[in-house]
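Beneath this line is the structure, given in structure tokens, with notes to follow.
The values are calculated or read from the model by the stated rules, or taken from the named source; none is laboratory data. Everything numeric here is computed off the predicted structure, so don't read it as measured data. Don't worry about glycine lacking a Cβ; one is built from the backbone with ideal geometry, like all the others, and counts go over all protein chains shown. Protein only, heavy atoms only, side chains kept; ligands, DNA and RNA dropped before computing areas. Shrake-Rupley method; radii C 1.70, N 1.55, O 1.52, S 1.80 Å.
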Amino acid sequence: MKKNKILGLVLVLIFSMTVFAGCGSSDKDAAPKYGESAEIKMAVLGSAEQFEKRQDFFVGMDLAIKELKESGVTVTYEKIDDGKSRDNGVALAKDVAKDGKYTLAFTLQNSDTVESVADIFEQAGKPLIIVNEVFDSTMNKNYSYVLAGVISAEAAGKALAKLCESMGIKWVATAHSSSQYENMLARGFNNAATDSKSVYLLDSTAGPNRVSEFAAVWDRWNTLGVQAALISFDDPEWACEVIQMIKSQNKNILILGDAQFNDLALMSEYKDSLEGMIVAGSYGVAHEEKLQAFYNKYEKKVMDEIGLDITSVTAQAYDFVHMIAQNVKQSGDAQEFMKHMKSTEGYPGVTDVKFNAKGQLEEDPNYWTVKNGQMYRMV
């Protein structure tokens, strides 16, 4: 009799543990809630270094979240640090993609990790917005649940070639890292230059990677009569060092680059060398007036509160959060949410966000130039 009681208690205990374990896993695997009463939680994948560098993005998110809270809408986010490791980034993406507490995720990871992460979220049917680096080849997969909130490397390169054509610049060279993003940027430029038949890429160099290699590159460029140089390295500080060396040889060469140069610390440290540089923005801003109004409203407030200069990236993040909140409220599930995110109307906020059927931004990139250590949009 005593044995039977003990056996009964053990069975009850095992059953209880099974029930509780089952409840825990089902909560985690449950689909996120959509609709009017939904509380929105977002994950932001990246590294501590990237989070620090893109403080202007998080400020934009915070501004929107505060406004939404005042109107009774709850939006939160969690930064998830992958330690700049591709393996960790992929593993953490898998966790987020299957965790029901997250409505969607942003990724600030680099392009070498992003494609794998995009595949993971697509298979999980959970929305992902890429806000750092992306390739055309990634978005040509026609994902249903992935959006590119930045211009691709190829599109940025093409835009810079078109700029050279409009400015009457014929002879261009590129110096870049051998990593995939920088190669795609140069490829995009070369493809557009070839199509234009009026801009010529005279030299494309994977390097220089140290000071001792610069002289050979410069001698070649000087002989060729290069008028403009497209510079893109995965180490932004080294990119600025290269630009500094170029300017020491010929201060009249036009320097072209991508959005990684929109870094206040770099523009301050290399102020003289970067003066007059032109970059292709990471996304398009449709109306200068709206952006200026945003600056007028928030620039002093943010500087007084946290000592940070806001940028156009701040405005983009602000729009993304408002757009997400609006579309979550109007949707019953992730599939309907993505349909709203890709609607032809887009979101008429500060930057007028609009995605096409592939999930790419509709706007062409704007051009920005460095003046006195600050980045200004070219009109």
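Is at least one residue of the range 222-236 in contact with a Ser or Thr (Cβ under 9 Å, 6 or more places away or on another chain), more than 20 Å from Ala317 (Cβ to Cβ) and open to solvent by 20 Å² or more (accessible area, probe 1.4 Å)?
The answer is yes; a qualifying residue exists.
With the structure loaded, tell me whether Gly100 is open to solvent by less than 20 Å² (accessible area, probe 1.4 Å), small (Gly, Ala, Ser) and touching a Leu at 6+ places or on another chain (Cβ under 8 Å) or whether it fails that test.
no
Determine if the range 238-245 includes at least one residue that is under 24 Å from Val134 (Cβ atoms), open to solvent by 10 Å² or more (accessible area, probe 1.4 Å) and outside any strand (DSSP E or B).
Yes, the conditions are met somewhere in the range 238-245.
Since Leu254 meets every condition but one in (1) within 19 Å of Tyr376 (Cα to Cα); (2) under 24 Å from the mean Cα position of the chain (by Cα), which condition does it not meet?
With respect to (1) within 19 Å of Tyr376 (Cα to Cα); (2) under 24 Å from the mean Cα position of the chain (by Cα), Leu254 is out only on (2).
Between residues in the range 110-127 that are under 22 Å from Gly83 (Cβ atoms) and open to solvent by less than 30 Å² (accessible area, probe 1.4 Å) and residues that are hydrophobic (A, V, I, L, M, F, W, C) and at pLDDT 95 or above, which pairs lie under 6 Å by C-beta distance while being six or more apart or on different chains?
Note: pairs meeting the criteria are Val114/Ile130; Val117/Ala93; Ala118/Val146; Ile120/Ala93; Ile120/Ala97; Phe121/Ala97; Phe121/Leu128.
How about the range 43-57: which of its residues are part of a helix (DSSP H, G or I) and either crowded, with 20+ Cβ neighbours inside 10 Å or charged (D, E, K, R) (or both)?
Glu49, Gln50, Glu52, Lys53, Asp56, Phe57, listed by residue number.
Within the range 195-202, is there a residue that is at pLDDT 95 or above and over 25 Å from Met378 (Cα atoms)?
yes
Of all residues in the range 59-81, how many are in a loop (DSSP other than H, G, I, E, B) and either open to solvent by less than 10 Å² (accessible area, probe 1.4 Å) or of a type in the set (S, T, N, Q) (or both)?
Final tally of qualifying residues: 2.
Do you know which residues across the range 329-354 are touching a helix residue (DSSP H, G or I) at 6+ places or on another chain (Cβ under 6 Å) and either surrounded by 20 or more Cβ atoms within 10 Å (Cβ to Cβ) or small (Gly, Ala, Ser) (or both)?
Ser331, Phe337, Met341, Tyr347, Gly349, Val350, Thr351, Val353
Within the range 309-319, is there a residue that is over 21 Å from the mean Cα position of the chain (by Cα), buried (at least 17 other Cβ atoms within 10 Å of the Cβ) and of a type in the set (Phe, Trp, Tyr)?
no
Please go through (1) open to solvent by less than 40 Å² (accessible area, probe 1.4 Å); (2) closer than 30 Å to Met167 by Cα for Glu363 and return the number of the only condition it doesn't satisfy.
Among (1) open to solvent by less than 40 Å² (accessible area, probe 1.4 Å); (2) closer than 30 Å to Met167 by Cα, the lone unmet condition for Glu363 is (1).
Mind listing whichever residues of the range 209-237 are among the basic types (Lys, Arg) and either touching a residue at least 24 places away in the same chain (Cβ under 8 Å) or part of a helix (DSSP H, G or I) (or both)?
Arg220 - this is the single residue of the range 209-237 that is among the basic types (Lys, Arg) and either touching a residue at least 24 places away in the same chain (Cβ under 8 Å) or part of a helix (DSSP H, G or I) (or both).
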